[in-house]
1. Is it true that some residue in the stretch 138-146 is modelled with pLDDT of 95 or more, more than 16 Å from the chain's Cα centre (by Cα), assigned to a strand (DSSP E or B) and surrounded by fewer than 15 Cβ atoms within 10 Å (Cβ to Cβ)?
2. Answer with yes or no whether VAL68 is out of contact with any His (no Cβ under 6 Å at 6 or more places or on another chain), part of a loop (DSSP other than H, G, I, E, B) and either assigned by TED's automatic domain parsing to the domain that holds ALA105 or over 24 Å from VAL200 (Cβ atoms) (or both).
3. Condition first: modelled with pLDDT of 95 or more, over 20 Å from LEU109 (Cα atoms) and either touching a Gly at 6+ places or on another chain (Cβ under 7 Å) or charged (D, E, K, R) (or both). Can you find one or more residues in the stretch 27-39 that meet it?
4. For the stretch 147-171: of the residues being surrounded by 15 or more Cβ atoms within 10 Å (Cβ to Cβ) and small (Gly, Ala, Ser), which is farthest from ALA30 (Cα to Cα)?
5. Identify, from the list SER94, SER193, the residue that is touching an Asp or Glu at 6+ places or on another chain (Cβ under 8 Å), of a type in the set (Gly, Ala, Ser), closer than 30 Å to VAL71 by Cβ and assigned by TED's automatic domain parsing to the domain that holds ALA59.
6. Being of a type in the set (Ser, Thr, Tyr), assigned to a loop (DSSP other than H, G, I, E, B), closer than 21 Å to PHE195 by Cα and at pLDDT 95 or above, is that true of even one residue in the stretch 81-93?
7. Would a scan of the stretch 3-17 turn up a residue that is touching a Pro at 6+ places or on another chain (Cβ under 7 Å), modelled with pLDDT of 95 or more and outside the structural domain of THR190 (by TED's automatic domain parsing)?
Amino acid sequence: MNERLITAALATAVLSGSALADARVRAVHASPDAPNVDVLVDGSIAFPDAPFTGVTDYATLPADTYNVQVVPTGMMGPVVIDENLALDSGVDYSVVAVGQLADIAPLVLVDDNALDPANARVRFVHASPNAPAVDIALAGGGAVLFDDFSFTEASSYLSVAPGDYDLEVRLAGTSDVVLSLGEVSLSGNTVYSVFAMGLVGDNDAPLQAVFSVDAIPSPGALAVMAMGGLIASRRRRSV
């Protein structure tokens, strides 16, 4: 077992200089009819009791190859996912459990959590098993932000100005709205993922959008920025 290798991530997705030497990995539960699950890494529970729509914090691991298993919470079986995952140094990963329970599978994504001080960075992940190809667009007939994505496809990252956006999901290439996301507030210097989860026409696990905040400035970076602002302010006052 590699219990010594599994380190709990911070409660928020904060980038730190020390974390960049290792890999970071998190789990996303997007299987609409699967129960709560435990995610095991080399036989040890790394992410306990993850519910549907759950996005865990990142855990930090040395670069290596690990066996990842998914089992119902509190049980050692059945093992519904059993996959070897190679992690590279300095890379962040999301392991997304996609598909319905009968054909559940891991979708491994590389997360680009680089921060843009002037903008928000956003990507879209289509994780709804029975939803058709979709566009993500500004509501009211506005511009398409993410174009023609099908199940298990993830977009590249889009940089947008900070602000409030009224978003909707449309059938790809049409104006037909299948899901209204409402007003979404996006902050600069922050990285987001938007996951389409659930099932079209299902009352128990309806089609929905799940937003995760993937990266924000580390406390150290914020302190440096604040100190820089203070020094600049003092310099202006002394002129």
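1. yes
2. Values: out of contact with any His (no Cβ under 6 Å at 6 or more places or on another chain): yes; part of a loop (DSSP other than H, G, I, E, B): no; either assigned by TED's automatic domain parsing to the domain that holds ALA105 or over 24 Å from VAL200 (Cβ atoms) (or both): yes.
Considered against the rule, which asks whether it is out of contact with any His (no Cβ under 6 Å at 6 or more places or on another chain), part of a loop (DSSP other than H, G, I, E, B) and either assigned by TED's automatic domain parsing to the domain that holds ALA105 or over 24 Å from VAL200 (Cβ atoms) (or both), VAL68 comes out as no.
3. Restricting attention to the stretch 27-39, the residues satisfying the condition of being modelled with pLDDT of 95 or more are 27-39.
Next cut, over 20 Å from LEU109 (Cα atoms) only: 33-36.
Still in the list and also either touching a Gly at 6+ places or on another chain (Cβ under 7 Å) or charged (D, E, K, R) (or both): 33.
Checked against the condition, which is being modelled with pLDDT of 95 or more, over 20 Å from LEU109 (Cα atoms) and either touching a Gly at 6+ places or on another chain (Cβ under 7 Å) or charged (D, E, K, R) (or both), the stretch 27-39 yields at least one hit.
4. This residue is SER155.
5. Values: SER193 fails: assigned by TED's automatic domain parsing to the domain that holds ALA59.
After ruling out the rest, the residue left standing is SER94.
6. The initial filter retains those residues of the stretch 81-93 that are of a type in the set (Ser, Thr, Tyr), namely 89, 93.
From the residues that got through so far, the ones that are assigned to a loop (DSSP other than H, G, I, E, B) too are 89.
Imposing the further condition that a residue be closer than 21 Å to PHE195 by Cα reduces the set to none.
No, there is no match, as no residue in the stretch 81-93 is of a type in the set (Ser, Thr, Tyr), assigned to a loop (DSSP other than H, G, I, E, B), closer than 21 Å to PHE195 by Cα and at pLDDT 95 or above.
7. no
The values are calculated or read from the model by the stated rules, or taken from the named source; none is laboratory data. Quick caveat: nothing in here was measured; it's all calculated off a predicted structure. Note that each Cβ is placed from the backbone with ideal geometry, even for glycine, and that neighbours are counted across all protein chains shown.
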